[in-house]
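Here's the structure, in structure tokens; my notes come after.
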Amino acid sequence: MNAAPTDITLSSNSVDQAGGANATVGTLTATDPDVGETFTFTLVSGTGDTHNSLFNISGNTLRANNPAALNAGTYSVRIRVADSYNSSHDEAFAIMVTDTVAPSAPSTPDMTSGTDTGISNTDNITSNTTPTITGTAEAGSTVMLYDTNGPTLLGAATADGSGNWSITSSALLPGAHTLTAKATDAAGNVSSASAGLTVHIAAPAIDSA
């Protein structure tokens, strides 16, 4: 008498967003009272099949179709194992997609016109030693503003839902400074640096009276 499989085991239940097309989640194995059985694994409908369409099975390997298109978080699939007599056993699995993709570099920083006191309000020359700098980055990311002359951290802010951020710089000495920004997402992935903005802090005027 044939006995149906009694359990399915998945060797790993996580996949990186950066894994590429058909990235491996884990290897499937079955428990069966009958010695020497062969097994077929398929994704099937039923309780826990919420995200079946985002995954596929090749042989005994569970794969994510395109993990880069998935938000970090937990997904659910339902898998069936059938033996050579087509006796089967189903189980639902929670699959974790982890965020390993760094944000894009923020936009080139820009000094606000209100703190640019040069001949024009766009020449990036100012007597304000703590100018306000703005830009865009991945929404919700933490933006760090740097003076590459150090490098020195000048301040930090969280990009809003539209990706906009604004930082009032810590005090800068007279002279030229190149400012760049980096973004860190909720998973701790850090972007490359933005293009640099060169600002000139004017020396204070000397009263000759």
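Does region 7-70 come out rounded, prolate or oblate, given a ≥ b ≥ c as the square roots of the eigenvalues of its C-alpha gyration tensor, rounded meaning a/c under 1.5 and, failing that, prolate meaning a/b above b/c? Show your work: numbers first, answer last.
On the way: a/c = 2.55, a/b = 1.78, b/c = 1.43.
Since a/c reaches 1.5 and a/b is larger than b/c, the shape of region 7-70 is classed as prolate.
Could you state the accessible area per residue of region 85-209 in Å², with a 1.4 Å probe and every protein chain left in place? Could you put the intermediate results ahead of the total?
On the way: 6340 Å² over 125 residues.
Computed with neighbouring chains in place, this is 51 Å² per residue.
Please compute the contact order of the chain in relative form: average sequence separation of alpha-carbon pairs under 8 Å and at least six residues apart, divided by the residue count, as a percent.
On the way: 540 pairs, mean separation 36.5, N = 209.
With pairs under 8 Å counted, the relative contact order is 17 percent.
Hey, rough spin-label estimate for S88 and A69, points 7 angstrom out along Cα→Cβ, what's it come to in nanometres?
Label-label distance for S88 and A69, simple model: 2.5 nm.
For an R0 of 22 angstrom, estimate the FRET efficiency from the Cβ-Cβ distance between S53 and A186 and round to the nearest 0.05.
Working: r = 26 Å, r/R0 = 1.18.
Step by step, r from the Cβ atoms, then E = 0.25.
Quote to one decimal, in nm, the extra length available between S113 and A139 on full extension: 0.36 nm per residue of separation minus the C-alpha distance between them. Could you put the intermediate results ahead of the total?
Details: separation 26, 0.36 × 26 = 9.36 nm, distance 2.36 nm.
Answer, rounded to one decimal: 7.0 nm.
Using a 1.4 Å probe over the heavy atoms of the protein chains, calculate the carbon and sulfur portion of the accessible area of region 36-192 as a whole percent. Each step should come with its number before you reach the end.
On the way: 3730 of 7550 Å².
Of all accessible area on region 36-192, carbon and sulfur atoms account for 49 percent.
The values are calculated or read from the model by the stated rules, or taken from the named source; none is laboratory data. The model shown is predicted, which means the values in this text are computed figures rather than measured ones. Because the Cβ atoms are built from the backbone with ideal geometry, glycine has one as well, and the counts that use them run over all protein chains shown. With ligands, DNA and RNA removed, areas are computed over all heavy atoms of the protein, side chains included. Shrake-Rupley method; radii C 1.70, N 1.55, O 1.52, S 1.80 Å.
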